[in-house]
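The values are calculated or read from the model by the stated rules, or taken from the named source; none is laboratory data. Keep in mind that this is a model prediction, so the values were computed, not measured. When we count neighbours, we look across all protein chains shown, and the Cβ atoms used for this are built from the backbone with ideal geometry, even at glycine. Just the protein is used for accessible areas: all its heavy atoms, side chains included, with ligands, DNA and RNA removed. Shrake-Rupley method; radii C 1.70, N 1.55, O 1.52, S 1.80 Å.
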Amino acid sequence: MNAPAPISGAHFDVIVVGAGYGGVSSAAVLASRGLRVLVVDKNAKPGGKAMPAKRSDGIVTELWPVAGGPTYGSRFDDLIALLDMPRDTIIGPNPGAEFVYIDERDKLHCARVSSQPIRNPLSLFKLAATFGATPMGLLGLLHMNIKSALLQEDALQEMDNMSMAEWLQRFALPKSTYYWLTSLMNLFFVVPVDELPASEAILTLRDVATGGAGRYHRGGYWSVAEAAVRYVENHGGSWLPSTRVKKVLVEDGQAVGIETARNRYFAPVIISNAGIQPTVLKLVGNKHFPPGYVRRVKELKPSWALAGVRYDLSKAFFDVPMNVYFSKDSGWDKKRFAAAESGNWPRNPLLFVTVPSLYDPQLATKDTPQVALISILCSPDPASPMNEQAIIQLEDMVDRLWPELRKHVIRRKTYGAGAVSSTTRDNVINQGGECIGLGQMIGQCGGSKPDIRSPLQGLYFVGTDA
(Lines give C-alpha, C1' and ligand atoms only; values in the text may rest on other atoms or scores of the structure.)
Protein backbone atom coordinates (compact mmCIF):
# COMPACT_ATOMS: atom_id res chain seq x y z
CA MET A 1 0.00 0.00 0.00
CA ASN A 2 3.00 2.33 0.44
CA ALA A 3 4.93 1.40 -2.70
CA PRO A 4 6.75 4.26 -4.46
CA ALA A 5 4.81 6.13 -7.14
CA PRO A 6 5.46 5.05 -10.73
CA ILE A 7 7.80 7.20 -12.78
CA SER A 8 6.22 9.91 -14.91
CA GLY A 9 5.67 8.68 -18.45
CA ALA A 10 5.53 5.04 -17.36
CA HIS A 11 3.52 2.70 -19.56
CA PHE A 12 0.95 0.20 -18.28
CA ASP A 13 -1.40 -2.26 -19.91
CA VAL A 14 -4.40 -0.71 -18.17
CA ILE A 15 -5.03 2.43 -16.09
CA VAL A 16 -7.99 2.42 -13.70
CA VAL A 17 -9.25 5.85 -12.65
CA GLY A 18 -11.06 5.63 -9.32
CA ALA A 19 -10.64 3.03 -6.57
CA GLY A 20 -14.27 2.33 -5.78
CA TYR A 21 -15.33 -1.29 -5.80
CA GLY A 22 -15.94 -1.27 -9.56
CA GLY A 23 -12.42 0.04 -10.13
CA VAL A 24 -10.47 -2.16 -7.73
CA SER A 25 -12.43 -5.29 -8.73
CA SER A 26 -11.67 -4.84 -12.42
CA ALA A 27 -8.06 -3.96 -11.59
CA ALA A 28 -7.59 -7.16 -9.56
CA VAL A 29 -9.19 -9.34 -12.24
CA LEU A 30 -6.98 -7.84 -14.94
CA ALA A 31 -3.87 -8.19 -12.76
CA SER A 32 -4.73 -11.86 -12.27
CA ARG A 33 -4.61 -12.25 -16.08
CA GLY A 34 -1.03 -11.00 -16.16
CA LEU A 35 -1.71 -7.36 -17.12
CA ARG A 36 0.25 -4.51 -15.56
CA VAL A 37 -2.35 -2.23 -13.98
CA LEU A 38 -2.14 1.28 -12.50
CA VAL A 39 -4.92 2.29 -10.07
CA VAL A 40 -5.26 6.03 -9.38
CA ASP A 41 -7.54 7.74 -6.87
CA LYS A 42 -7.77 11.25 -5.44
CA ASN A 43 -8.18 9.80 -1.93
CA ALA A 44 -5.54 8.30 0.32
CA LYS A 45 -7.47 5.04 0.71
CA PRO A 46 -9.30 2.79 -1.76
CA GLY A 47 -12.96 1.92 -1.41
CA GLY A 48 -14.73 4.85 -3.03
CA LYS A 49 -17.96 5.56 -1.18
CA ALA A 50 -17.06 2.71 1.19
CA MET A 51 -13.63 4.06 2.14
CA PRO A 52 -12.80 4.22 5.86
CA ALA A 53 -12.48 7.14 8.20
CA LYS A 54 -9.37 6.32 10.23
CA ARG A 55 -8.95 8.86 13.01
CA SER A 56 -6.18 9.79 15.40
CA ASP A 57 -8.20 8.47 18.37
CA GLY A 58 -8.08 4.95 16.94
CA ILE A 59 -11.66 4.78 15.68
CA VAL A 60 -12.08 3.23 12.24
CA THR A 61 -15.48 3.52 10.63
CA GLU A 62 -17.35 4.50 7.50
CA LEU A 63 -17.87 8.08 6.43
CA TRP A 64 -21.59 7.24 6.04
CA PRO A 65 -23.74 4.07 6.27
CA VAL A 66 -22.58 1.15 4.13
CA ALA A 67 -23.94 -2.38 3.76
CA GLY A 68 -24.46 -4.72 0.84
CA GLY A 69 -26.53 -7.49 -0.59
CA PRO A 70 -26.93 -10.26 -1.30
CA THR A 71 -24.86 -11.56 1.59
CA TYR A 72 -23.78 -14.65 -0.36
CA GLY A 73 -23.79 -15.48 -4.04
CA SER A 74 -22.66 -12.06 -5.28
CA ARG A 75 -19.54 -11.19 -7.23
CA PHE A 76 -17.92 -10.40 -3.89
CA ASP A 77 -17.64 -14.15 -3.33
CA ASP A 78 -15.67 -14.38 -6.56
CA LEU A 79 -13.53 -11.38 -5.62
CA ILE A 80 -12.48 -12.61 -2.17
CA ALA A 81 -11.68 -16.01 -3.70
CA LEU A 82 -9.47 -14.30 -6.30
CA LEU A 83 -7.76 -12.28 -3.56
CA ASP A 84 -7.27 -15.45 -1.47
CA MET A 85 -9.07 -13.86 1.47
CA PRO A 86 -10.68 -16.04 4.18
CA ARG A 87 -14.22 -17.17 3.48
CA ASP A 88 -15.38 -15.53 6.71
CA THR A 89 -14.36 -12.12 5.34
CA ILE A 90 -18.05 -11.86 4.41
CA ILE A 91 -20.15 -11.35 7.52
CA GLY A 92 -23.89 -12.08 7.61
CA PRO A 93 -25.01 -11.56 11.21
CA ASN A 94 -28.16 -12.96 12.81
CA PRO A 95 -29.98 -10.80 13.64
CA GLY A 96 -28.65 -8.57 10.91
CA ALA A 97 -31.36 -5.93 10.82
CA GLU A 98 -34.34 -4.59 12.68
CA PHE A 99 -37.28 -3.20 10.69
CA VAL A 100 -39.50 -0.86 12.66
CA TYR A 101 -42.88 0.26 11.37
CA ILE A 102 -44.09 3.54 12.88
CA ASP A 103 -47.88 3.45 12.64
CA GLU A 104 -50.20 6.45 12.47
CA ARG A 105 -50.32 6.65 16.29
CA ASP A 106 -46.50 6.59 16.46
CA LYS A 107 -46.58 3.07 17.90
CA LEU A 108 -43.53 1.00 16.94
CA HIS A 109 -43.86 -2.49 15.44
CA CYS A 110 -40.43 -4.19 15.47
CA ALA A 111 -39.21 -7.23 13.58
CA ARG A 112 -35.67 -8.58 13.54
CA VAL A 113 -34.33 -10.51 10.56
CA SER A 114 -31.18 -12.42 9.71
CA SER A 115 -28.63 -11.45 7.06
CA GLN A 116 -28.56 -15.12 6.10
CA PRO A 117 -30.58 -16.61 3.20
CA ILE A 118 -34.30 -17.11 3.84
CA ARG A 119 -34.72 -20.77 4.74
CA ASN A 120 -38.35 -20.57 5.83
CA PRO A 121 -40.55 -18.75 3.28
CA LEU A 122 -43.22 -18.32 5.97
CA SER A 123 -40.92 -15.89 7.80
CA LEU A 124 -41.86 -13.21 5.26
CA PHE A 125 -45.52 -13.53 6.21
CA LYS A 126 -44.64 -13.48 9.90
CA LEU A 127 -42.77 -10.24 9.28
CA ALA A 128 -45.74 -8.68 7.50
CA ALA A 129 -48.02 -9.81 10.34
CA THR A 130 -45.74 -8.04 12.82
CA PHE A 131 -46.41 -4.82 10.91
CA GLY A 132 -50.17 -5.35 11.27
CA ALA A 133 -51.12 -7.39 8.20
CA THR A 134 -54.24 -9.52 8.68
CA PRO A 135 -54.51 -13.14 7.44
CA MET A 136 -56.70 -11.93 4.57
CA GLY A 137 -54.19 -9.21 3.73
CA LEU A 138 -51.39 -11.76 3.57
CA LEU A 139 -53.09 -13.35 0.56
CA GLY A 140 -52.01 -10.35 -1.52
CA LEU A 141 -48.40 -10.84 -0.41
CA LEU A 142 -48.64 -14.56 -1.27
CA HIS A 143 -50.06 -13.71 -4.69
CA MET A 144 -47.21 -11.27 -5.36
CA ASN A 145 -44.55 -13.79 -4.33
CA ILE A 146 -45.98 -16.53 -6.52
CA LYS A 147 -46.24 -14.21 -9.53
CA SER A 148 -42.69 -12.90 -9.00
CA ALA A 149 -41.23 -16.39 -8.61
CA LEU A 150 -42.86 -17.67 -11.79
CA LEU A 151 -41.62 -14.87 -14.05
CA GLN A 152 -39.25 -16.18 -16.72
CA GLU A 153 -36.24 -14.27 -18.04
CA ASP A 154 -37.98 -12.98 -21.18
CA ALA A 155 -40.98 -11.79 -19.16
CA LEU A 156 -38.67 -10.01 -16.72
CA GLN A 157 -36.84 -8.21 -19.51
CA GLU A 158 -40.17 -6.93 -20.78
CA MET A 159 -40.67 -5.32 -17.36
CA ASP A 160 -37.73 -2.94 -17.79
CA ASN A 161 -40.31 -0.25 -18.56
CA MET A 162 -42.73 -1.08 -15.74
CA SER A 163 -42.14 0.59 -12.37
CA MET A 164 -41.96 -1.38 -9.15
CA ALA A 165 -44.73 0.83 -7.77
CA GLU A 166 -46.99 -0.27 -10.63
CA TRP A 167 -46.10 -3.92 -10.06
CA LEU A 168 -46.83 -3.77 -6.32
CA GLN A 169 -50.12 -1.98 -6.90
CA ARG A 170 -51.38 -4.97 -8.89
CA PHE A 171 -51.73 -6.93 -5.67
CA ALA A 172 -53.98 -6.33 -2.69
CA LEU A 173 -51.07 -5.79 -0.32
CA PRO A 174 -51.65 -4.64 3.27
CA LYS A 175 -50.78 -0.96 3.53
CA SER A 176 -47.98 -1.53 6.03
CA THR A 177 -46.49 -4.23 3.76
CA TYR A 178 -46.56 -1.83 0.82
CA TYR A 179 -44.82 0.84 2.92
CA TRP A 180 -42.18 -1.72 3.94
CA LEU A 181 -41.50 -3.02 0.43
CA THR A 182 -41.32 0.44 -1.14
CA SER A 183 -39.02 1.59 1.67
CA LEU A 184 -36.78 -1.41 0.97
CA MET A 185 -36.65 -0.39 -2.69
CA ASN A 186 -35.63 3.15 -1.67
CA LEU A 187 -32.78 1.68 0.40
CA PHE A 188 -31.62 -0.88 -2.16
CA PHE A 189 -31.68 1.45 -5.18
CA VAL A 190 -32.00 5.01 -3.72
CA VAL A 191 -34.37 6.08 -6.51
CA PRO A 192 -38.13 6.82 -6.72
CA VAL A 193 -40.18 3.64 -6.51
CA ASP A 194 -42.26 4.83 -9.49
CA GLU A 195 -39.10 5.09 -11.63
CA LEU A 196 -37.46 1.86 -10.48
CA PRO A 197 -37.85 -0.92 -13.10
CA ALA A 198 -39.84 -3.84 -11.72
CA SER A 199 -37.39 -6.16 -13.50
CA GLU A 200 -34.43 -4.95 -11.41
CA ALA A 201 -36.39 -4.93 -8.17
CA ILE A 202 -37.80 -8.44 -8.58
CA LEU A 203 -34.37 -9.87 -9.43
CA THR A 204 -32.94 -8.19 -6.33
CA LEU A 205 -35.66 -9.56 -4.08
CA ARG A 206 -34.96 -13.04 -5.48
CA ASP A 207 -31.25 -12.61 -4.72
CA VAL A 208 -32.05 -11.52 -1.17
CA ALA A 209 -34.26 -14.56 -0.64
CA THR A 210 -31.60 -17.00 -1.83
CA GLY A 211 -28.49 -15.15 -0.62
CA GLY A 212 -29.56 -13.00 2.31
CA ALA A 213 -28.95 -9.26 2.69
CA GLY A 214 -26.96 -6.92 4.89
CA ARG A 215 -23.49 -8.15 3.92
CA TYR A 216 -20.50 -6.63 5.68
CA HIS A 217 -16.76 -7.32 5.47
CA ARG A 218 -14.54 -8.33 8.35
CA GLY A 219 -12.13 -5.53 9.17
CA GLY A 220 -14.56 -2.97 7.72
CA TYR A 221 -16.53 -2.81 4.51
CA TRP A 222 -13.50 -1.24 2.81
CA SER A 223 -11.17 -4.14 3.70
CA VAL A 224 -11.78 -6.01 0.45
CA ALA A 225 -10.94 -2.88 -1.56
CA GLU A 226 -7.64 -2.56 0.30
CA ALA A 227 -6.88 -6.23 -0.37
CA ALA A 228 -7.63 -5.72 -4.08
CA VAL A 229 -5.13 -2.86 -4.31
CA ARG A 230 -2.48 -4.93 -2.53
CA TYR A 231 -3.17 -7.73 -4.99
CA VAL A 232 -2.58 -5.39 -7.93
CA GLU A 233 0.73 -4.26 -6.42
CA ASN A 234 1.80 -7.85 -5.74
CA HIS A 235 1.12 -8.72 -9.38
CA GLY A 236 3.33 -6.10 -10.99
CA GLY A 237 0.93 -3.15 -10.92
CA SER A 238 0.92 0.14 -9.02
CA TRP A 239 -1.38 2.00 -6.64
CA LEU A 240 -1.29 5.80 -6.81
CA PRO A 241 -3.32 7.32 -3.94
CA SER A 242 -3.95 11.02 -3.16
CA THR A 243 -3.64 11.78 -6.86
CA ARG A 244 -6.34 13.61 -8.77
CA VAL A 245 -6.61 12.87 -12.49
CA LYS A 246 -6.82 16.16 -14.38
CA LYS A 247 -7.70 14.67 -17.73
CA VAL A 248 -7.73 11.58 -19.88
CA LEU A 249 -5.24 11.96 -22.73
CA VAL A 250 -6.58 11.44 -26.25
CA GLU A 251 -4.56 11.02 -29.44
CA ASP A 252 -5.93 10.22 -32.90
CA GLY A 253 -9.36 9.36 -31.54
CA GLN A 254 -8.12 7.00 -28.85
CA ALA A 255 -7.66 7.25 -25.07
CA VAL A 256 -3.94 6.77 -24.46
CA GLY A 257 -3.29 7.79 -20.86
CA ILE A 258 -3.97 10.19 -18.01
CA GLU A 259 -2.51 13.45 -16.74
CA THR A 260 -2.23 14.28 -13.04
CA ALA A 261 -1.01 17.50 -11.43
CA ARG A 262 2.59 16.26 -11.64
CA ASN A 263 2.87 13.44 -14.13
CA ARG A 264 1.53 11.61 -17.16
CA TYR A 265 0.97 7.86 -17.43
CA PHE A 266 0.13 5.88 -20.54
CA ALA A 267 -1.89 2.77 -21.41
CA PRO A 268 -3.95 1.55 -24.39
CA VAL A 269 -6.91 0.90 -22.06
CA ILE A 270 -8.38 3.41 -19.61
CA ILE A 271 -11.09 2.18 -17.23
CA SER A 272 -13.06 4.87 -15.41
CA ASN A 273 -14.72 4.29 -12.06
CA ALA A 274 -15.14 8.06 -11.67
CA GLY A 275 -18.68 8.15 -13.07
CA ILE A 276 -19.82 8.41 -16.67
CA GLN A 277 -20.80 12.09 -16.45
CA PRO A 278 -17.61 13.40 -14.79
CA THR A 279 -15.53 11.24 -17.17
CA VAL A 280 -17.20 12.28 -20.41
CA LEU A 281 -17.95 15.91 -19.59
CA LYS A 282 -14.83 16.78 -17.58
CA LEU A 283 -11.94 14.32 -17.75
CA VAL A 284 -12.22 13.66 -21.50
CA GLY A 285 -14.32 16.49 -22.91
CA ASN A 286 -17.33 16.71 -25.21
CA LYS A 287 -15.36 17.14 -28.40
CA HIS A 288 -14.10 13.56 -28.29
CA PHE A 289 -17.60 12.02 -28.40
CA PRO A 290 -20.51 12.07 -30.88
CA PRO A 291 -22.99 14.87 -30.05
CA GLY A 292 -25.83 12.38 -29.53
CA TYR A 293 -23.78 10.46 -26.96
CA VAL A 294 -22.98 13.67 -25.08
CA ARG A 295 -26.67 14.61 -25.00
CA ARG A 296 -27.52 11.18 -23.65
CA VAL A 297 -24.87 11.43 -20.93
CA LYS A 298 -26.15 14.85 -19.86
CA GLU A 299 -29.69 13.49 -19.57
CA LEU A 300 -28.75 10.60 -17.26
CA LYS A 301 -30.15 10.91 -13.75
CA PRO A 302 -28.15 10.03 -10.63
CA SER A 303 -29.53 8.14 -7.66
CA TRP A 304 -30.57 10.14 -4.63
CA ALA A 305 -28.12 10.88 -1.85
CA LEU A 306 -28.03 10.20 1.87
CA ALA A 307 -27.56 12.95 4.42
CA GLY A 308 -27.01 12.15 8.05
CA VAL A 309 -25.08 12.25 11.28
CA ARG A 310 -22.26 10.07 12.57
CA TYR A 311 -22.57 9.79 16.36
CA ASP A 312 -19.68 8.59 18.52
CA LEU A 313 -21.33 7.05 21.58
CA SER A 314 -19.99 6.49 25.08
CA LYS A 315 -22.01 3.28 25.52
CA ALA A 316 -23.29 0.40 23.40
CA PHE A 317 -26.68 1.96 22.66
CA PHE A 318 -27.82 -0.18 19.70
CA ASP A 319 -27.81 -3.98 19.66
CA VAL A 320 -28.53 -4.73 15.96
CA PRO A 321 -26.06 -3.68 13.23
CA MET A 322 -28.71 -2.29 10.85
CA ASN A 323 -31.92 -0.49 11.77
CA VAL A 324 -34.63 0.67 9.35
CA TYR A 325 -37.51 2.89 10.50
CA PHE A 326 -40.40 3.36 8.08
CA SER A 327 -43.99 4.61 8.08
CA LYS A 328 -46.81 5.63 5.76
CA ASP A 329 -44.56 8.59 4.88
CA SER A 330 -41.82 6.26 3.60
CA GLY A 331 -41.46 4.56 0.24
CA TRP A 332 -40.81 7.72 -1.72
CA ASP A 333 -41.88 8.24 -5.30
CA LYS A 334 -41.11 11.31 -7.43
CA LYS A 335 -43.98 13.30 -5.91
CA ARG A 336 -42.97 12.64 -2.30
CA PHE A 337 -39.34 13.47 -2.99
CA ALA A 338 -40.33 16.72 -4.75
CA ALA A 339 -42.48 17.69 -1.76
CA ALA A 340 -39.57 17.19 0.66
CA GLU A 341 -37.22 18.98 -1.73
CA SER A 342 -39.54 22.00 -1.64
CA GLY A 343 -39.47 21.97 2.17
CA ASN A 344 -42.65 19.97 2.87
CA TRP A 345 -41.17 17.11 4.88
CA PRO A 346 -43.37 14.36 6.33
CA ARG A 347 -43.27 13.57 10.03
CA ASN A 348 -41.68 10.12 9.74
CA PRO A 349 -39.65 9.62 6.57
CA LEU A 350 -37.36 6.65 6.06
CA LEU A 351 -34.50 6.43 8.56
CA PHE A 352 -31.48 4.14 8.09
CA VAL A 353 -28.95 3.28 10.81
CA THR A 354 -25.77 1.17 10.72
CA VAL A 355 -23.40 0.35 13.58
CA PRO A 356 -20.11 -1.06 12.16
CA SER A 357 -18.83 -2.48 15.47
CA LEU A 358 -21.91 -4.73 15.70
CA TYR A 359 -20.70 -6.39 12.50
CA ASP A 360 -17.08 -6.54 13.62
CA PRO A 361 -16.23 -5.78 17.29
CA GLN A 362 -12.69 -4.80 16.26
CA LEU A 363 -14.18 -1.54 14.94
CA ALA A 364 -14.91 -0.32 18.49
CA THR A 365 -12.57 1.06 21.14
CA LYS A 366 -12.76 1.20 24.91
CA ASP A 367 -13.40 4.95 24.87
CA THR A 368 -15.89 4.80 22.00
CA PRO A 369 -17.71 1.47 22.18
CA GLN A 370 -20.09 2.39 19.35
CA VAL A 371 -20.33 4.66 16.33
CA ALA A 372 -23.83 4.97 14.87
CA LEU A 373 -24.31 6.29 11.36
CA ILE A 374 -27.86 7.54 10.85
CA SER A 375 -29.11 8.75 7.48
CA ILE A 376 -32.09 10.03 5.53
CA LEU A 377 -32.77 10.48 1.81
CA CYS A 378 -31.86 13.79 0.17
CA SER A 379 -30.80 15.42 -3.11
CA PRO A 380 -27.59 14.38 -4.90
CA ASP A 381 -26.93 18.04 -5.71
CA PRO A 382 -24.30 19.31 -3.23
CA ALA A 383 -25.80 22.81 -3.46
CA SER A 384 -29.37 21.75 -2.68
CA PRO A 385 -30.86 23.35 0.48
CA MET A 386 -32.72 20.05 0.96
CA ASN A 387 -29.60 18.54 2.50
CA GLU A 388 -29.47 20.90 5.48
CA GLN A 389 -33.18 20.46 6.07
CA ALA A 390 -32.71 16.68 5.95
CA ILE A 391 -30.34 16.84 8.93
CA ILE A 392 -32.89 18.85 10.92
CA GLN A 393 -35.61 16.33 10.08
CA LEU A 394 -33.32 13.42 10.96
CA GLU A 395 -32.38 14.78 14.37
CA ASP A 396 -36.01 15.51 15.16
CA MET A 397 -36.73 11.83 14.55
CA VAL A 398 -33.66 10.77 16.55
CA ASP A 399 -34.87 12.75 19.56
CA ARG A 400 -38.35 11.24 19.31
CA LEU A 401 -37.21 7.67 18.74
CA TRP A 402 -34.28 7.61 21.17
CA PRO A 403 -34.68 10.42 23.75
CA GLU A 404 -31.73 9.02 25.75
CA LEU A 405 -29.27 8.93 22.84
CA ARG A 406 -27.99 12.51 23.15
CA LYS A 407 -26.74 11.82 26.69
CA HIS A 408 -24.20 9.39 25.27
CA VAL A 409 -22.94 11.39 22.30
CA ILE A 410 -19.19 12.07 22.51
CA ARG A 411 -18.83 13.55 19.04
CA ARG A 412 -21.26 14.44 16.27
CA LYS A 413 -20.34 14.78 12.59
CA THR A 414 -22.80 15.55 9.78
CA TYR A 415 -22.45 14.36 6.20
CA GLY A 416 -24.37 14.88 2.98
CA ALA A 417 -24.15 15.25 -0.77
CA GLY A 418 -21.39 17.87 -0.51
CA ALA A 419 -19.15 15.58 1.54
CA VAL A 420 -19.83 12.63 -0.77
CA SER A 421 -19.05 14.67 -3.89
CA SER A 422 -15.83 16.19 -2.53
CA THR A 423 -14.68 12.75 -1.42
CA THR A 424 -15.75 10.71 -4.43
CA ARG A 425 -17.59 11.89 -7.56
CA ASP A 426 -17.02 15.38 -9.00
CA ASN A 427 -20.07 17.60 -9.42
CA VAL A 428 -20.46 18.46 -13.12
CA ILE A 429 -24.23 18.95 -13.61
CA ASN A 430 -25.93 19.36 -10.23
CA GLN A 431 -24.92 15.88 -9.12
CA GLY A 432 -21.92 14.26 -7.47
CA GLY A 433 -23.36 13.42 -4.06
CA GLU A 434 -25.38 10.46 -5.28
CA CYS A 435 -25.41 7.45 -2.99
CA ILE A 436 -24.84 4.76 -5.63
CA GLY A 437 -24.07 6.43 -8.95
CA LEU A 438 -26.26 6.40 -12.01
CA GLY A 439 -29.84 5.83 -10.88
CA GLN A 440 -31.21 2.40 -11.76
CA MET A 441 -34.30 3.92 -13.35
CA ILE A 442 -36.59 3.19 -16.27
CA GLY A 443 -34.85 4.29 -19.47
CA GLN A 444 -31.33 3.93 -18.08
CA CYS A 445 -31.34 0.44 -16.65
CA GLY A 446 -31.35 -3.10 -18.02
CA GLY A 447 -30.94 -2.93 -21.79
CA SER A 448 -30.99 0.88 -21.64
CA LYS A 449 -28.01 1.19 -19.32
CA PRO A 450 -24.89 2.84 -20.79
CA ASP A 451 -22.49 0.37 -22.36
CA ILE A 452 -19.27 -0.48 -20.54
CA ARG A 453 -17.56 0.58 -23.79
CA SER A 454 -17.52 4.27 -24.63
CA PRO A 455 -17.52 5.56 -28.23
CA LEU A 456 -13.93 6.69 -27.62
CA GLN A 457 -11.61 3.80 -28.41
CA GLY A 458 -9.76 2.51 -25.36
CA LEU A 459 -12.11 4.08 -22.77
CA TYR A 460 -14.37 1.90 -20.62
CA PHE A 461 -16.66 2.38 -17.62
CA VAL A 462 -17.18 0.25 -14.53
CA GLY A 463 -19.34 0.61 -11.44
CA THR A 464 -23.09 1.18 -11.33
CA ASP A 465 -22.85 3.59 -14.28
CA ALA A 466 -22.33 0.83 -16.87
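Observations on the model:
- Check: segment 401-466 dipole with +1 on Lys, Arg Cβ and -1 on Asp, Glu Cβ, in debye: 460 debye
- The ellipsoid equivalent to the alpha-carbon distribution of segment 58-104 has semi-axes of 27, 16, 10 angstrom, derived from the gyration tensor eigenvalues as √(5λ) and listed largest first.
- Counted over the chain, the DSSP beta bridges are approximately 70% antiparallel.
- Spin-label model, Ala44 to Lys334: label points 7 Å out along the Cα-to-beta-carbon direction sit 4.4 nm apart.
- Kirkwood hydrodynamic radius of segment 328-457, Cα pairs, Å: 17.2 Å
- Computed about its Cα centre, the charge dipole of segment 54-104 is approximately 300 debye, with only Lys, Arg, Asp and Glu carrying charge at their Cβ.
- Given R0 = 22 Å, the distance between the Cβ atoms of Ser8 and Ser242 translates into a calculated FRET efficiency of 0.85.
- Over segment 1-113, the fraction of Cα-Cα pairs per 5 Å bin, rounded to whole percents and listed from the shortest bin up, is 2, 8, 13, 17, 17, 14, 10, 7, 5, 3, 2, 1, 1, 0.
- Within the same chain, aspartates and glutamates fewer than 8 places from Lys246 are excluded, and of the rest, those with a Cα less than 13 Å from its Cα are Asp41, Glu259, Asp426.
- Residue-normalised convex hull volume from the C-alpha trace of segment 78-120: 102 Å³ per residue.
- Cα convex hull volume per residue for segment 268-357 (Å³): 193 Å³
- Longest to shortest principal axis, alpha-carbon extents of the chain, angstrom: 67, 54, 43
- FRET efficiency estimate (nearest 0.05) - Cβ-Cβ, Arg75 to Asn161, R0 22 angstrom: 0.25
- For the chain, calculated [θ]222 nm from helices alone, where every DSSP H run of n ≥ 4 adds -39500 (n - 2.57): -8500 deg cm²/dmol
- Stretching the chain fully between Asp319 and Lys287 yields a gain of 6.1 nm (0.36 nm per residue, less the alpha carbon separation).
- Stretching the chain fully between Glu299 and Arg347 yields a gain of 14.0 nm (0.36 nm per residue, less the alpha carbon separation).
- Whole-percent carbon and sulfur share, accessible surface of the chain, 1.4 Å: 51 percent
- Note on Lys147 and Arg262: the model spin-label points, each 7 Å out from Cα along the C-beta direction, lie 6.0 nm apart.
- Farthest positive-ward along the chain dipole, Cα basis, beta-carbon charges - from Met185, Gly58, Ala165: Gly58
- Averaging 1/r over every pair of different alpha carbons in segment 105-171 and inverting the result gives a Kirkwood radius of 14.1 Å.
- Spin-label pair Lys54-Asp88: with each label point 7 Å from Cα along the Cα-Cβ axis, the two points sit 2.3 nm from one another.
- Accessible surface calculations at 1.4 Å, restricted to protein heavy atoms, place segment 1-137 at 47 Å² per residue.
- Nearest-20 debye value, segment 227-369 charge dipole, Cβ charges on Lys, Arg, Asp, Glu: 540 debye
- Remark: segment 381-466 carries 44 Å² of accessible area per residue (probe radius 1.4 Å; ligands, DNA and RNA excluded).
- When each of Lys328/Lys413; Lys42/Lys301; Lys175/Lys335; Lys147/Lys175 is checked by Cα-Cα distance, pairs over 27 Å: Lys328/Lys413
- Cβ-based charge dipole, segment 127-229, positive-most Cα from Ala155, Pro135, Ala201: Pro135
- Estimated FRET transfer efficiency (Lys175, Arg206; beta-carbon r; R0 35 Å; 0.05): 0.90
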